[in-house]
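Below is one structure, written out as structure tokens; the observations come after it.
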Number of protein chains: 6
Amino acid sequence: MSEFGKSGIVKRTIERADAKAVERLGKSGVATVHEAQGRTGLMKPYMRPVWPGAAVSGTAVTVLAHPGDNWMLHVAAEMIKPGDVVVVAVTTDNDDGMFGDLLATSFRARGGLGLVIDAGARDARTLAEMKFPVWSKAIHAKGTVKATVGSVNVPIVCAGMLVNPGDAIVADDDGVVVVPRERANAVADAAEAREKNEESKRARLAAGELGLDLYAMREPLAKAGLKYID
Amino acid sequence: MSEFGKSGIVKRTIERADAKAVERLGKSGVATVHEAQGRTGLMKPYMRPVWPGAAVSGTAVTVLAHPGDNWMLHVAAEMIKPGDVVVVAVTTDNDDGMFGDLLATSFRARGGLGLVIDAGARDARTLAEMKFPVWSKAIHAKGTVKATVGSVNVPIVCAGMLVNPGDAIVADDDGVVVVPRERANAVADAAEAREKNEESKRARLAAGELGLDLYAMREPLAKAGLKYID
Amino acid sequence: MSEFGKSGIVKRTIERADAKAVERLGKSGVATVHEAQGRTGLMKPYMRPVWPGAAVSGTAVTVLAHPGDNWMLHVAAEMIKPGDVVVVAVTTDNDDGMFGDLLATSFRARGGLGLVIDAGARDARTLAEMKFPVWSKAIHAKGTVKATVGSVNVPIVCAGMLVNPGDAIVADDDGVVVVPRERANAVADAAEAREKNEESKRARLAAGELGLDLYAMREPLAKAGLKYID
Amino acid sequence: MSEFGKSGIVKRTIERADAKAVERLGKSGVATVHEAQGRTGLMKPYMRPVWPGAAVSGTAVTVLAHPGDNWMLHVAAEMIKPGDVVVVAVTTDNDDGMFGDLLATSFRARGGLGLVIDAGARDARTLAEMKFPVWSKAIHAKGTVKATVGSVNVPIVCAGMLVNPGDAIVADDDGVVVVPRERANAVADAAEAREKNEESKRARLAAGELGLDLYAMREPLAKAGLKYID
Amino acid sequence: MSEFGKSGIVKRTIERADAKAVERLGKSGVATVHEAQGRTGLMKPYMRPVWPGAAVSGTAVTVLAHPGDNWMLHVAAEMIKPGDVVVVAVTTDNDDGMFGDLLATSFRARGGLGLVIDAGARDARTLAEMKFPVWSKAIHAKGTVKATVGSVNVPIVCAGMLVNPGDAIVADDDGVVVVPRERANAVADAAEAREKNEESKRARLAAGELGLDLYAMREPLAKAGLKYID
Amino acid sequence: MSEFGKSGIVKRTIERADAKAVERLGKSGVATVHEAQGRTGLMKPYMRPVWPGAAVSGTAVTVLAHPGDNWMLHVAAEMIKPGDVVVVAVTTDNDDGMFGDLLATSFRARGGLGLVIDAGARDARTLAEMKFPVWSKAIHAKGTVKATVGSVNVPIVCAGMLVNPGDAIVADDDGVVVVPRERANAVADAAEAREKNEESKRARLAAGELGLDLYAMREPLAKAGLKYID
């Protein structure tokens, strides 16, 4: 953790979460994965997909950038391996459009699957046409400079959540969740178990059974003092 | 009004706005209904549909919940009658994803038509596929606990607007409007009259006639001091 | 500039940016135009299209309105010439739905191509069906009064950007950019040059070449102190 | 409740909460009163005193105003009786400075004790010098018009909370709380009991006793699964 | 206006508003000056003094800076003449602490009277001890780089308001107002007239006379449809 | 880092930053410390002192709480050692008043020096009278429940910044900065060196010397393209 927040470093070699586990996490989706790891790992809800229906799972290449400066995204491109998702934090709140279709083209050519950025993105329509998935705080055409170095592959805080390089990233219409690298397999197992369990519940609820009965809530509710009146 | 904001109560029996009136209000839509009742009843504009094109009209089953706690939504499910829309207020600002596809399945099985929640919703894509209409302050995967009792069918303030159980709720792409139960028929009448009136205006405006002339604004504008210069 | 922010004036005669230049700017799009004029002219990122895919370029008819009052939009309708986009500022922050399908019908009948408003719009679905492009701060059904005069065709600040009547306005999924009238041709030239230049870069990036090499960033990055570690 | 949100009405005669109870509530303060009535009645935290140390308790004269229009505050002045606090809601979000030192002078001359406004206030320094207590959403010099009628002494929602004319209002550095008129005495009793209880707790906590023991939390925490590790 | 928003320029020679007029405007204060120039010129209400009681009037030296970069504030220092207030806009939303006690020391040594910045300030306590008046969007210790040139003495938009170099700036507890250079004398006259007029009103209101009568509002209110009920 | 964000754990034994270093950091203050550690460690600017002039430096006891639930603050009290500052993160955005004068009394009795909370605080006036320093996101009287377990002394993200138990915390009017435990001495050295350096600069700037000359900026500015015009 000694490199947390430090500028001027690019770490070439990182360990990545298991590719199979990452794929399984993607199938479970953000809401299920978040629950499966004990309701942790979720970024703030202002992170929204640039185009509806976007979904991705991959391993994090992390970037620490300065406001209005996207230099480090070019540096990050070289660090991408197939299956990676680039995750960008900025040293201060900033909405500038640090990422557009050219960088998306470059990232994809290197095997990059998507982008999560606690700042702005632009070329929204082209990103949608390319089906390149991006989650951002804003859509903003504001161009950036290339003047101040940040870091690549150091631990960062992105949209309120700690991300270490190589962590599993799952993102869809419900937001973005981070799974620590070493827990990817365990969380994937828990997520699949949870899904199976939900399937049977869905059928019973669809048949009109109440959650009150399905989850045996009536007694604890009464104990907690809930009163029914007419 | 003595139960306003009180926790720990579920009211089983409520009077609902006239079903026919509610249906007519839905056809008029939010903007027209809001105008027709004297520009009142509108929730704050941060309430947005989870999927575009969602539209609903129904009678309110109200819920008062605690932040990060969706216990009372399960309690509310049992109170739903066909034609109801569940309206949820939280005792403090909160974005957690209190509602997802399982609760949507349950609500629909009971005859529930939709949800209006001054908090977050999740499973956004599944809700869209189910065509279950939801208006919320946020889309957030954040899971909730079931630990503290709130109330069902007490008067609440949701997104800045007072809602009594049984009130008519109309929601579409323009937001959410509340019509007090006893005024539903009168407002439906006024809304339909307004629509008819707008139809003829639309044709004249489309033909190039100016609102300045159509609404006879030139004289009051001059009186208010408006000056034309070249 | 002496009329900046002044209420009670309608300027009938304004000079408009060259129609051909405006059309060319529209083809380049917001992000490119913003870069081409030295990263200036962009409105704040809270300005979003009411329906996805909306895009327009035109010449500004400017409006200064009061909060909750859309009287001046009717006055503006008469000033519209084919190819115009109406741009509305409010004297204070306000989200009310000052513009809906009737005004859109009227604007279109006069040759108006779209609307940019630092406030709310309503009838969102109808605007989408009409394909009438609108950028706004909010979608809100809140109706407005017609009680206080503002101005038409005075210089305004809309969403943080200065707009003079007759300026070129370009808007799409990436936001809204303003090009001063007298610079429209020069900026259109610069934008097209930029696009051509990007085309060749896109191909090289798609082939896997890195921006680091394409833009010769390695040396300046090293000079700025960037260190690679393993 | 039939007058909720309705414009164009001034209700001359209202019942007010018991003056003695209101005074006792003021002594207990906002935080204690809020707890004493079951954690209800609190306005949103964006309501802040214009000058530090302001504190007031009184009976509500309610006002419904339009954005950027303070006409109804002049109407309200005539309805003030000694011991009243004027509470202002606006039909939409608005920060304009609807209230300044002249209105404060007028309100005070009529016996008004303070103001709570879900909008802006101005003349901040003079209000502080006058020691006239005001809670507002913003401090803003923005002047207002007098063009559109609202209402006085109808039920309103102010900063997220329902206020009926005559309700008890308590405000201090912790915010603003509303106590329904008919509950003022009971809540004052509960608040005083709570205070007495807190006094003894404060002494024990100051002596180093832990809340864990004072409130017997160790067992429920263990039951809830809390684990201590080294 | 051709230099609006342009980076890379420092204009050495500017015309300043009349010093006497600026002093008179300062005595009238923000709220009165804003009213006196027809309710125009006010910056957004998020601009707050760093320490309570701060008040200043002066002539604008304008700065356009980039996010997280305070290089141009050093450039601006050389352009300051006695009686100036430096007004800083940033090319995008940014809260970084661009200004602290060292720059305040430097500005004061050059005759600068204060700072208005649409970004952050730091060293809040020292600024208060120095009695150097600053209005900002945030107080934030975040340090900045010196990497990208902006401009000095070009027209800017600061907190939603157009500011030309040499304009009169008045700031106090109520916010910040801009008076165009050439209007400074006329607005100072109008402000003083307004103050005199208010003085007599204050006395009548303090004696219990109602604004309803003082401003003859009863008839227009009745015409506008206001109804009194019991 | 394996305990990051995990609920249900209390870590009894933590290593704390060197007390002497923490004291020295406090003397340097937030802005200097932030610069001295390479412009890192700063929490978001919405963290503000509850009373002006508050300042503290100490070692972090960390708390992870649930929205609207302050149970873990009572658990944390037992973990406090003299010289500690309690730092509270919540699992989701929340403004509730989790901390008031009773907990302050308890924390102080255990040797706690202050509180940093990414949520609300209450009893603002009493906290000021007690001179107990608190930084929070909001002042809100909203009471909380004690129903769901979180954690004490796990790594957390508070107001956008990673905090490990035992880290040095420095807070004053400029905000809150975190110094990793093992870097406390080195950063204290760097901060003091920086202060000394600033002292001599302050004198030269006060004498009218320009930062342009003091920092030798004229040449780099010219290289970056800055042009002076008349």
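The values are calculated or read from the model by the stated rules, or taken from the named source; none is laboratory data. Note that the structure is a prediction, hence the values are computed from the model and not measured. Counting neighbours? That spans all protein chains shown, and the Cβs are built from the backbone with ideal geometry, glycine included. Heads up: the accessible areas ignore ligands, DNA and RNA and are worked out on the full protein's heavy atoms, side chains in. Shrake-Rupley method; radii C 1.70, N 1.55, O 1.52, S 1.80 Å.
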Lys and Arg at +1, Asp and Glu at -1: neighbours of D:VAL145 with Cβ under 12 Å from its Cβ sum to -1
Extend 7 Å from the Cα of D:LYS223 along its Cα-to-C-beta direction; within the stretch B:125-159, residues with backbone N under 20 Å of that point are B:145-150
For A:LYS6, counting only lysines whose alpha-carbon sits under 16 Å away and dropping same-chain residues fewer than eight positions off, the answer is C:LYS227, E:LYS142
The farthest towards the positive end of the charge dipole of chain A, of the residues A:GLY143, A:GLY225, A:TRP71, given +1 on Cβ of Lys and Arg and -1 on Cβ of Asp and Glu, is A:TRP71
A 1.4 Å probe over the protein heavy atoms gives the protein assembly as shown a carbon and sulfur accessible-area percentage of 50 percent
Distribution output for the stretch F:32-114: share of Cα-Cα pairs per 5 Å bin in percent, first bin at 0, values 3, 12, 20, 25, 21, 12, 6, 1
Relative contact order as a percentage, chain D, C-alpha pairs under 8 Å and 6+ apart, gives 31 percent
Checked against a 18 Å limit on the C-alpha separation, the offending pairs among C:LYS44/F:LYS137; B:LYS27/B:LYS196; B:LYS44/B:LYS137 are C:LYS44/F:LYS137
Taking the label point 7 Å from Cα along the Cα-Cβ vector, the copy-to-copy distances for A:GLU198, listed from shortest in nm with one decimal, are 3.8, 3.8, 4.3, 5.1, 5.9
Sorted on mean Cβ neighbours within 10 Å (highest first), peptides A:8-20, C:112-124, E:18-30 come out as C:112-124, E:18-30, A:8-20
Result for interface chain B to chain A, accessible surface buried in total, 1.4 Å probe, Å² to 100, stands at 3100 Å²
Packing-ranked peptide list from C:154-162, A:213-221, D:55-63, highest mean Cβ count within 10 angstrom first, is D:55-63, C:154-162, A:213-221
So, for the Cα atoms of chain B, Rg and Dmax in Å stand at 19.9, 68
Regression test value, accessible area per residue of the stretch B:133-224, probe 1.4 Å, units Å², expected 35 Å²
Row for the stretch B:49-164, column shape: gyration tensor on C-alpha, a ≥ b ≥ c, rounded if a/c < 1.5 i.e. under 1.5, prolate if a/b over b/c, else oblate; value rounded
So, in nm and shortest first, the distances from B:LYS20 to its counterparts in the other copies, with label points 7 Å along Cα→Cβ, work out as 5.5, 6.5, 6.5, 7.9, 8.9
Semi-axes in Å, largest first, for the stretch C:148-226 (Cα gyration tensor, √(5λ)) are 39, 17, 12
With +1 on the Cβ of every Lys and Arg and -1 on the Cβ of every Asp and Glu, the dipole magnitude of the protein assembly as shown about its Cα centre, in debye rounded to the nearest 20, is 0 debye
Output field shielding_mean for C:144-151 (other chain Cβ, 10 Å radius) holds 6
Within 10 Å of the Cβ of an average residue in F:17-27, the count of other chain Cβ atoms is 0
Summing -39500 (n - 2.57) over every DSSP H run of at least 4 in chain D, dividing by its residue total and rounding to the nearest 500, the 222 nm mean residue ellipticity is -9500 deg cm²/dmol
Compactness check, the protein assembly as shown: C-alpha Rg relative to the 2.2 N^0.38 Å globular estimate gives 0.88
Taking the label point 7 Å from Cα along the Cα-Cβ vector, the copy-to-copy distances for C:LYS223, listed from shortest in nm with one decimal, are 0.6, 6.9, 7.0, 7.1, 7.2
Hull volume per residue for the stretch D:97-230, using the convex hull of the C-alpha atoms, in Å³ is 230 Å³
Output field shielding_mean for E:63-69 (other chain Cβ, 10 Å radius) holds 6
In the A-onto-C rotation, chain A's nearest residue to the axis by C-beta, with distance in whole Å, turns out to be A:PRO52, 5
With the dipole of the stretch F:1-88 defined by +1 on each Lys or Arg Cβ and -1 on each Asp or Glu Cβ, the option from F:PRO52, F:VAL33, F:ALA19 whose Cα lies farthest towards the positive pole is F:VAL33
For chain B, longest principal axis from Cα atoms; helix B:19-28 axis from its Cα atoms; angle between them, nearest 10 degrees, is 50 degrees
